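Here is the structure we will look at, set down as structure tokens.
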Ligand code: TA6
């Protein structure tokens with residue numbers, strides 16, 4: 001934690017009633033991050049690189065809810081291994097050729113771009129100190145030359161991160177700022193911190209069709225309500241009817257993940273070999289202490305014509 005005396009004067013969320021959330025901007029360049037802390041101690045940290053949430057603490061600040069690799073790059077050198085990376089405009093490896101995203105890196109450019117901090121406000125539906133909303137922006141002009149060349153479409157993204165006492169809401173607003181229509185995919189690649197993967201179940205996907213990337217991307221139907229993780233899991237569940245997916249640990253509800261205008265969810269755990277093969281995944285056996293439940297619009301493409309807007313996101317509730 002940065003020693004408070006060395007921090008620039010804290011910014012106040014001016015329009016919240018009652019005691020105010022504290023906003024600090026720390027670090028410099030690609031390592032800059034925004035820290036919001038409620039008077040009751042809950043906090044969220046957002047790296048401007050990728051607008052990546054790297055920490056979310058509930059329970060008065062005592063409970064860290066997100067997993068972050070000990071070797072996560074936090075200097076802008078590569079996508080953050082952990083927290084909530086923002087995936088846009090393509091999920092996974094892009095189409096091999098003949099698609100506007102074909103020459104983009106896996107998971108697109110949003111998570112490896114430098115976003116702007118647009119400011120803070122009391123969330124529309126929040127009362128005073130119980131909530132604070134942080135807005136981040138990424139525009140075509142803010143892309144690297146390489147990304148701009150690879151995907152020369154005019155767009156605007158506003159990503160809102162709202163911290164409340166027991167929940168974190170992250171919502172994207174995508175706008176087509178150009179003459180040409182474009183299509184995109186979006187996903188929030190959330191790494192949840194858990195105690196023991198052998199005691200975890202992911203519930204709420206009963207009967208949903210999924211593509212299993214561990215089984216050669218074959219299609220399956222979820223045959224029971226609880227998904228247990230006993231090996232590498234990499235499944236893309238599509239067109240999910242109910243909006244909440246739950247993470248249960250040791251029989252007790254730990255997180256609710258509520259989708260808003262996003263129909264799909266990816267469940268991922270790299271398990272032993274894949275964890276070892278990722279240089280920035282550390283410690284190697286930390287697959288036991290994380291699970292990804294990633295909400296998104298990744299089945300097919302969302303199309304925006306000139307001036308059109310798409311909005312979607314998640315509210316994750318810590319139930320500890
Ligand atoms: O969301 C699951 C997934 O698509 C996995 O296939 C795995 O590749 C993971 O994302 C991590 O991708 P990354 O590019 O961050 O290493």
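FYI, it's all coordinate maths here, none of it is from the lab. Bear in mind the structure is a predicted one, so any value in this text is a computation, not a measurement. Note that we place each Cβ from the backbone using ideal geometry, even for glycine, and neighbour counts take in every protein chain shown.
Considering helices alone, the calculated mean residue ellipticity of the chain at 222 nm is -1000 deg cm²/dmol, with DSSP H runs of length four and up weighted by -39500 (n - 2.57) and normalised per residue. The simple Förster model, with R0 at 30 Å and r as the Cβ-Cβ distance, assigns residue 40 and residue 250 a FRET efficiency of 0.70. Note on residue 31 and residue 183: their simple-model spin labels are 4.2 nm apart, each label 7 Å out from Cα toward Cβ. Computed extension length for residue 278-residue 166: 37.1 nm, one decimal, from 0.36 nm per residue of separation with the Cα-Cα distance subtracted. Which distance in nm do the two modelled labels at residue 218 and residue 196 give, with both placed 7 Å along the Cα-to-Cβ direction? Modelled inter-label distance: 3.3 nm.
Work out the FRET efficiency for residue 261 and residue 305 from their Cβ-Cβ distance, taking R0 = 25 Å, and round it to the nearest 0.05. Computed FRET efficiency for residue 261 and residue 305: 0.90.
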